[in-house]
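This report concerns only the one structure given below.
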Amino acid sequence: MADGELFYYHRRMLARLIPLAALMLTGCLAGENVGRGSDLRAPDDAKRTFARCPGADALATATDVSWAPQASRLAEHRALRTRMKIPLPEGTSRILFWSSGTHHTSFDFSVIAVRDAQGRWRTSGIGEQGPGLLSIAPRPPLTLERDLSVDEGRALDRALADPCLYASPTYQRNPRIVAGGAVQTMEIETPQRRWTGSWVGIRTPQQASVVNLITE
């Protein structure tokens, strides 16, 4: 996806968020990522596994492909939500999706999906847009609070159970994006799995399936 295409894609994704007066979310702020184990596969093992997964061929067009551990963006989620006075959702199964970039404008985008004890998924999103190369006034925040349908929740559970998701590269970049691309990071936290991956302008089908379900 070229620079301009990615920029307008990101704008369209933000535009799909539903404006709300506030998000009423439960959860505490303590204990995040503390004492939690990880079952990240060894990079070489994951690389060999993903070579047999759908979408592996598409990585031929990517650069900087890596299976090395990636940094959490939890601090960015927290800072944005603290600034916007939107609580950070908690749960034993949680997906955190962070997207940010600066070109004509700058934008930060936080979506967190949490699975409750009954197996229902709820997504919470907050995004803000402000000046970048263009001198514009900050835009009103874009927010989202949505319960996934039963079918959507099942589809998300299936996506999270796919071994190819966890064998995906933890980083890949579209070489055609030389400026203005959104850097996106997804973190998966479940009792069985811990996985963090980032990308610029190119996602594996497994990564895309999770992101699409929690941002649509």
Scanning segment 165-200 for residues that are assigned to a strand (DSSP E or B) and β-branched (V, I, T) gives V183, T185, I188, T196, V200
Going through segment 150-183 in order, the residues found to be at pLDDT 95 or above and of a type in the set (S, T, N, Q) are S168, T170, Q172
Taking first residues from segment 66-89 that are over 16 Å from T143 (Cβ atoms) and second residues anywhere that are exposed (fewer than 13 other Cβ atoms within 10 Å of the Cβ), the pairs with Cβ under 7 Å that are 6 or more apart or on different chains are S72/N33; L74/N33
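Can you name the residue in segment 140-164 that is assigned to a loop (DSSP other than H, G, I, E, B) and not acidic (D, E) and is also least open to solvent (accessible area, probe 1.4 Å) among such residues?
Restricting attention to segment 140-164, the residues satisfying the condition of being assigned to a loop (DSSP other than H, G, I, E, B) are 140-141, 148-149, 161-162.
Those left that are additionally not acidic (D, E): 140-141, 148-149, 161.
Numbers: P140: 100, P141: 65, L148: 16, S149: 54, A161: 65 Å².
Here the residue is L148.
Quickly run through segment 67-88 and pick out the residues that are in a loop (DSSP other than H, G, I, E, B) and in contact with a Pro (Cβ under 7 Å, 6 or more places away or on another chain).
Residues of segment 67-88 in a loop (DSSP other than H, G, I, E, B): 67-73, 85-88.
Selection gives W67, A68.
With respect to L23, is the statement that it is over 27 Å from E128 (Cα atoms), surrounded by 15 or more Cβ atoms within 10 Å (Cβ to Cβ) and at pLDDT below 50 true? First the steps, then the outcome.
On the way: over 27 Å from E128 (Cα atoms): no; surrounded by 15 or more Cβ atoms within 10 Å (Cβ to Cβ): yes; at pLDDT below 50: yes.
Taking the combined requirement at face value, the residue does not satisfy it.
The values are calculated or read from the model by the stated rules, or taken from the named source; none is laboratory data. Not measured: the values here are computed from a predicted model. Please note: Cβ atoms are built from the backbone with ideal geometry, for glycine as well, and neighbour counts cover all protein chains shown. Remember, those area values only see protein heavy atoms, side chains included, never the ligands or the DNA or RNA. Shrake-Rupley method; radii C 1.70, N 1.55, O 1.52, S 1.80 Å.
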